[in-house]
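Heads up: the structure comes next, in structure tokens.
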Amino acid sequence: MQYNYVVTAHKPSNVNLSVTGNFTGPNDLNLIVAKCNRLLIYLLTPEGLQPILDTPIYGRIATLELFRTNGAEKDALCLTTERWKFCVLEFDAESRELTTRAMGDLQDRIGRPVDSGQISHIDPNVKMIGLHLYDGLFKVVPIDPRGHLKEAFNIRLEELTVIDIQFLHVEKDRLPTILVLYQDPKEMRHFKTYEINAETKDLAPGPWQQQGVELGATMIIPVPLPIGGALLVGEQTISHLNGDRNSTKTISMGPTVIRSWGKIDDNGSRYLLGGHFGTLYVLVLEHDASFKVLDMKLEVLGETSCATTISYLDSGVVFIGSSFGDSQLIKLHQDKDELGSNVEVLESFTNLGPIQDFCVVDLERQGQGQVVTCSGTLKDGSLRVVRNGIGIDEQAQVELPGIKGLWNLRDSFEGDYDKYLVQSFIGETRVLEIGDEELGETELDGFEHSAQTIWCGNIKGDCLCQVTEKSIRLVSSSMKSLKQEWTPDGGGSITLASGNSEQVVVATGSRTIVLLDVSEGKITELNRTEASCEISCVNVAPLGGGGGGRSTMCAVGMWDQSVHVLRLPSLEALTVEALGGDVIPRSLLFATLEEQDYLLCALGDGHLFSFRIDRATAALSDKKKVSLGTQPLTLSRFQSKGSTHVFAASDRPTVIYSNNKKLLFSNVNLKDVTQMSQFNSEDFTDSLAIATESGLTIGTIDDIQKLHIRSVPLGEQPRRICHQESARAFCICTIKVTFDEAGEDVDEHYVKLLDDQTFEVLHTFELRRWENCCSLTTCTFIDDASTYIVVGTAEAVPHEAEPSQGRVLVFEVVERRLRLAAEKEVKGAVYTLKAFNGKLLAGINSKVELFRLVEGDSGGKELASECAHRGHILVLYLESRGDFILLGDLMRSMSLLTYKPVDGQVEEIAHDFNTNWMTAIDILDDDTFIGAENHYNLFSLRKNTDATTDEERLRLEVVGEYHMGDLINRFRHGSLVMRSGDADTPVIPTLIFGTVNGCIGVVASLPKEEYDLMLKVQGALNQVIKGVGGLRHEDWRSFQSERVPAGRPSKGFVDGDLIESFLDLKPQKMEQVANAVGVTVEELSKRVEELQRLH
């Protein structure tokens, strides 16, 4: 049986809702954004949007609205979830957390949930909250004058098919009034108003109504007083209606679908409207002195992402939230630019959603998977390359094999930019000088170029210091002449050295440690001591944010596998730490990351010890060990965007950085780095110089973060993707929307071949009219050496309920072009394709068919049907292992089939007796299968191999159930991280999934004892971490669907997001959790960090 750990590697990025107001403080302008089950709060500053809080909500956020009660200084937030829970939240400025002012359950025992999505609004006079959750019912939550919520009640609505409901802006002495846009049984649309009396708990007909509005009317926009009334937005017209003034104004517009709106002015005279193809409009209401609307004007401002939500912030700055592409922060300008647009994009917020398909590939051939997703819709469609780790953007490269050391030097001590790059080789030192955007070799007169440099740096007093095996040389920065030289006593040699801007520590012979002052242009020996055994490494880097100046401590690594911290200048031992094992320390480094002081110790086998160090006493604590490679590590500090980080050079180079006072490790996408130095020159700002066995690379480093996303815009919507290794190419299926002469949109479907490095389109194959691409795979066939790309299509003819025709197209990549090798007309849609033991499996409407590729009568290739299995509703998904076939049906959950080669037949051996509408399936192991369904749940099934009766053997037993909270579109086997080379670390199999909301997650199969421990941790965390708004984690993760409306507790899965939040807890809360589980904080932290490294 499988025990699964579910965690998100990339959080949901689709923006579903956004609001603006004064939430964190009376004078703060906040943007609050909902992304599926996450709530993000930003503060608008002159520099842009500053993140204040990113918190999970234990529910899918359905509605979001800010309001302010009488006498309050700042706004409160009303939030509802799709499971009918609601809460009112406020921001606590001291703790920087959300507090719950009110909460409740809005669920009714009877009633049919609305199909079009929940509607929740707050009366502009803050007398009540109105919600439309069930057909024919309007729920009211009264708010008293003190801002307290009273008991909710339902009012029956005559209108069953409600399109939209909004509160109108009315005078404070009037009853709250709603405007209802609805559709009658004849599919005609009308609107009417109602006044709500909270005392009598009933509706009274409002002041105005209208029969027969535009059939395409979908949206009501309430207009504030003094203008009043409401805007009714359709597909061809916009009307302003105001029954109080008995006035109506209507303007026409080109056919479009307005998806979103945002108010610009408080008086409601200007609105932003977002079209479904990304066109941004401004609607202006022109009125007279009595605020009666005389006319309306609609103007196109420009193009943005397809907007789901529009929030006007201030001074022409607007947030465009999108579920279809990247969200944007834009600025509106009064004058149009050269492209005729008033829109300037200030910032883009990456959104992977909706992920319709993805594949896992190793493009850099480094043994690390990258996820390439089909993301976005319509014009915002793109491919996104998601990889774990940090990339280097190469600026220059020099072939210089054999570099043993690397240092950057400024022309003067006070200089802002580096001018020289010193490289050390066996028996010589070379210097590169930057000038006129070129690197050229030079010599520094005071340097010993015929010796290997051990350490080098700029020294206070405007000098350069070079340490070689023979001596320490102090060189004038301006004259480049030798000022002073120090040599070891008795002709001994220097074996190790470390320095800063005022001090140098060297090891002479094998055990002597010497401290020297090198500031102010002279070398002075301050102290020396004898070590207890041979010395393997030293470090005297000063602690602190700036990293400059004099150090008060020196770290020394010994051959007896210990680290000594010595006080300077006395060289007395403050701390001795035995590392254990039989591998010596090879590199030491003091570093201050996020104001926390660390001592890092790298070993010769690729392991790294990290310690927190007390600057006053040198006491070491919080000892942790992690594997970063298999070869010796060399540690060095560097600055990036104002923060200090550490580079660990080895066979798998890693950047060590801190986030929330926690050390994180992100691998660099290079191999076998031997040395690294910061190199911040005028021509190469914020760059790193990196030495490998073959040469020297100078480049800039990506943002220091866990996942990196590269966008490949397509301008059309990608639906399916596969990678063909032999052709070094991706194949994608896309939909392009164009417009005919009548202005109607027309879909064009293509199969495209793209280079897997440059993403250049190599070849395009256009499908027939009405022909949609449904499936795509790569496949090899028996007795055929070629690898083929196979596309399954359906002819979606208008007015045909289910496709009756489709094709299977077999392409061969010849000279980087798609050549149609074979095609097969089939009776139905080819929803899924799967390579199967040298043959091809296809799901065609309600059957599974197995094809062979054979020689045709005319000399070409053709697909021949071998056998089929019928009796399903719609075969949407197929996976295979050996001769077993897992089938995912539209509504009949999963079935297990087997292929019998001797009989040439496919037979069903077991199926799930439950009804589940499937969205993705995969095979975890020989007996366990995983599926995702349309109520955002995950579940796992097990084959009953030990069953004693035929009936039990026919049943796939449910062994796991879990509410994911997002719609999963695809599972793929693979890993986002480079697996550790440790022989003693068991490899945990992982499955990657992609969701509609742009989330990338991992399902990892844990050993039972690990799962049991994490289940205890999950329970303990639920006692310590309380859900925002009183929402419970157990309810959120419970399996709930139409057939299980009450929900069942999750089983067989643990929530990795909750478990990994343990590492962000305060120490006392960590202690509380660890005590409840029965392990130490250190042991639990180590176990959780190991799981965190799975993604």
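Here is how the numbers come out for the structure above:
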quantity: Residue that is surrounded by the fewest Cβ atoms within 10 Å (Cβ to Cβ) [pool: residues in the stretch 800-811 that are touching a residue at least 24 places away in the same chain (Cβ under 8 Å) and of a type outside the set (Ser, Thr, Tyr)]; calculated: 802
quantity: Residue among 608, 670, 628 that is within 20 Å of residue 1095 (Cα to Cα) and in contact with a Pro (Cβ under 8 Å, 6 or more places away or on another chain); calculated: 670
quantity: Some residue of the stretch 417-429 being open to solvent by 20 Å² or more (accessible area, probe 1.4 Å) and in contact (Cβ under 8 Å) with a residue 60 or more places away in the chain; calculated: yes
quantity: Count of residues meeting criterion [over 17 Å from residue 1089 (Cβ atoms) and part of a helix (DSSP H, G or I)] in the stretch 1059-1068; calculated: 1
quantity: Of residues in the stretch 1058-1069 being open to solvent by less than 50 Å² (accessible area, probe 1.4 Å) and not hydrophobic (A, V, I, L, M, F, W, C), the one farthest from residue 7 (Cα to Cα); calculated: 1061
quantity: Matching residues in the stretch 468-495 - criterion: being at negative phi, open to solvent by less than 40 Å² (accessible area, probe 1.4 Å) and not small (Gly, Ala, Ser); calculated: 468, 472, 473, 474, 475, 486, 488, 494
quantity: Selected residue [outside any strand (DSSP E or B), open to solvent by 20 Å² or more (accessible area, probe 1.4 Å) and not polar (S, T, N, Q)] from 71, 59; calculated: 71
quantity: Members of the stretch 744-774 found to be within 19 Å of residue 808 (Cβ to Cβ) and either aromatic (Phe, Trp, Tyr) or surrounded by fewer than 16 Cβ atoms within 10 Å (Cβ to Cβ) (or both), listed by number; calculated: 750, 765, 766, 768, 769, 770
quantity: Residues being within 11 Å of residue 469 (Cβ to Cβ) and under 44 Å from the mean Cα position of the chain (by Cα) - total across the stretch 490-504; calculated: 2
quantity: The stretch 902-918 - residue that is free of Cβ contacts under 8 Å to residues at least 60 places away in the same chain and not in a strand (DSSP E or B) and, of those, surrounded by the fewest Cβ atoms within 10 Å (Cβ to Cβ); calculated: 902
quantity: Scope the stretch 424-451; condition within 21 Å of residue 493 (Cα to Cα), touching a Ser or Thr at 6+ places or on another chain (Cβ under 7 Å) and in a strand (DSSP E or B); matching residues; calculated: 424, 428, 429
quantity: Out of 849, 862, 879, sole residue that is without any contact (Cβ under 8 Å) to a residue 24 or more places away in the chain, closer than 30 Å to residue 728 by Cα, assigned to a strand (DSSP E or B) and not hydrophobic (A, V, I, L, M, F, W, C); calculated: 849
quantity: Residue, least open to solvent (accessible area, probe 1.4 Å), within the stretch 196-225, restricted to residues that are over 24 Å from residue 292 (Cβ atoms) and touching a residue at least 60 places away in the same chain (Cβ under 8 Å); calculated: 196
quantity: Strands (runs of 3 or more DSSP E) within the stretch 626-680 that include 3 or more residues open to solvent by less than 30 Å² (accessible area, probe 1.4 Å) and under 17 Å from residue 698 (Cα atoms); calculated: 634-640, 643-649, 673-679
quantity: Tally of residues being within 17 Å of residue 838 (Cβ to Cβ), part of a strand (DSSP E or B), out of contact with any Asp or Glu (no Cβ under 7 Å at 6 or more places or on another chain) and open to solvent by 10 Å² or more (accessible area, probe 1.4 Å) across the stretch 882-901; calculated: 1
quantity: The stretch 775-796 - residue that is under 21 Å from residue 727 (Cβ atoms) and in a loop (DSSP other than H, G, I, E, B) and, of those, least open to solvent (accessible area, probe 1.4 Å); calculated: 781
quantity: Output for the stretch 22-47, where each listed residue is open to solvent by less than 10 Å² (accessible area, probe 1.4 Å), part of a strand (DSSP E or B) and either closer than 22 Å to residue 966 by Cα or not hydrophobic (A, V, I, L, M, F, W, C) (or both); calculated: 30, 32, 33, 34, 39, 41
quantity: Test: residue in the stretch 563-581 that is on the phi > 0 side of the Ramachandran plot, assigned to a loop (DSSP other than H, G, I, E, B), surrounded by 15 or more Cβ atoms within 10 Å (Cβ to Cβ) and not charged (D, E, K, R); calculated: yes
quantity: Neighbours by Cβ (under 6 Å, 6+ apart or cross-chain): first from the stretch 611-625, surrounded by 13 or more Cβ atoms within 10 Å (Cβ to Cβ); second small (Gly, Ala, Ser); calculated: 612/621; 624/610
quantity: Qualifying residue in the stretch 235-252 (condition: open to solvent by less than 20 Å² (accessible area, probe 1.4 Å) and in contact with a helix residue (DSSP H, G or I) (Cβ under 9 Å, 6 or more places away or on another chain)); calculated: no
quantity: When residues of the stretch 106-160 are limited to those that are touching a Lys or Arg at 6+ places or on another chain (Cβ under 9 Å) and of a type in the set (Val, Ile, Thr), the one surrounded by the most Cβ atoms within 10 Å (Cβ to Cβ); calculated: 129
quantity: Condition met for residue 823 (free of Cβ contacts under 8 Å to residues at least 12 places away in the same chain and either open to solvent by 20 Å² or more (accessible area, probe 1.4 Å) or under 24 Å from residue 753 (Cα atoms) (or both)); calculated: no
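Residues are listed down the side, and each one gets a yes or a no for (1) surrounded by fewer than 23 Cβ atoms within 10 Å (Cβ to Cβ); (2) farther than 26 Å from residue 903 by Cα; (3) at pLDDT below 90:
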{"residue": "798", "(1), (2), (3)": "yes, yes, yes"}
{"residue": "814", "(1), (2), (3)": "yes, yes, no"}
{"residue": "846", "(1), (2), (3)": "yes, no, no"}
{"residue": "870", "(1), (2), (3)": "yes, no, no"}
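The values are calculated or read from the model by the stated rules, or taken from the named source; none is laboratory data. Note that the coordinates shown come from a computational prediction; the quantities given were computed from them, not determined experimentally. For neighbour counting, all protein chains shown are included, and Cβ atoms are generated from backbone atoms with ideal geometry for every residue, glycine included. Surface accessibility is based on the protein's heavy atoms, side chains included, excluding ligands, DNA and RNA. Shrake-Rupley method; radii C 1.70, N 1.55, O 1.52, S 1.80 Å.
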